[in-house]
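Q: Sharing a structure with you now.
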Amino acid sequence: MVKLERLRPDHADALLAFERANRAYFARTIPDRGDAYFTEFAARLEALLAEQAAGDCHFHVVTSEGGELIGRVNLVDVADGSAELGYRVGESAAGRGVATAAVEEVCRLSATEYGLTELTARTPLDNLASRTVLERNGFTCVGPTTLPHSGRPGVRYARVHLGN
């Protein structure tokens, strides 16, 4: 159904097109990245790839069976066997199980490829779809939080023992 690929420099054009095409859609539930994200995209991608090469983060693109970039799944702040999970799926792929499948795959990779034992995630309190994706993938609600960048109320989730 979906395929995860580790972020590479040759994803640049497709990733930028994906972010532009879905900008308004994403801004309905999360803070907009701002114009600078798009005008400085090449430098930002280079910085992300450097973080990934250092092992601080693991970035992935989600592609459809036809090879279209339809989402992203990221693991950031990798340290001491844990990381924070973030994901976004484009509007054309929403509601089709793409996020659930992509998170499931990144949980598998986290345990088998990256040696992680715990993932955390944050989502807006009112984002039922995101909360459902996490819960379907074995994440447990661990309490309230305030989301960075927006100050909106959110919920923290955790999943431990990723190999199970």
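The values are calculated or read from the model by the stated rules, or taken from the named source; none is laboratory data. From a predicted model like this one, the values you see are computed outputs, not experimental measurements. When we count neighbours, we look across all protein chains shown, and the Cβ atoms used for this are built from the backbone with ideal geometry, even at glycine. When the accessible area is computed, the model is the full protein with side chains, heavy atoms only, and any ligands, DNA or RNA have been set aside. Shrake-Rupley method; radii C 1.70, N 1.55, O 1.52, S 1.80 Å.
Q: Restricting to region 99-136, and then to whatever is in contact (Cβ under 8 Å) with a residue 40 or more places away in the chain and of a type in the set (D, E), can you tell me which residue is nearest to S150 (Cα to Cα)?
A: Only one residue tops the list, namely E118.
Q: OK, next. Just for region 63-112: of the residues that are open to solvent by 30 Å² or more (accessible area, probe 1.4 Å) and among the basic types (K, R), which one is nearest to H161 (Cα to Cα)?
A: Per the criteria, the residue is R108.
Q: Further question: Can you name the condition, by its number, that P153 falls short on among (1) modelled with pLDDT of 95 or more; (2) closer than 24 Å to A27 by Cα; (3) open to solvent by 20 Å² or more (accessible area, probe 1.4 Å); (4) not polar (S, T, N, Q)?
A: P153 satisfies every listed condition except (1).
Q: Could you please find all residues in region 17-37 being open to solvent by 20 Å² or more (accessible area, probe 1.4 Å) and either among the basic types (K, R) or over 23 Å from R152 (Cβ atoms) (or both)?
A: A17, R20, A21, R23, R28, R33
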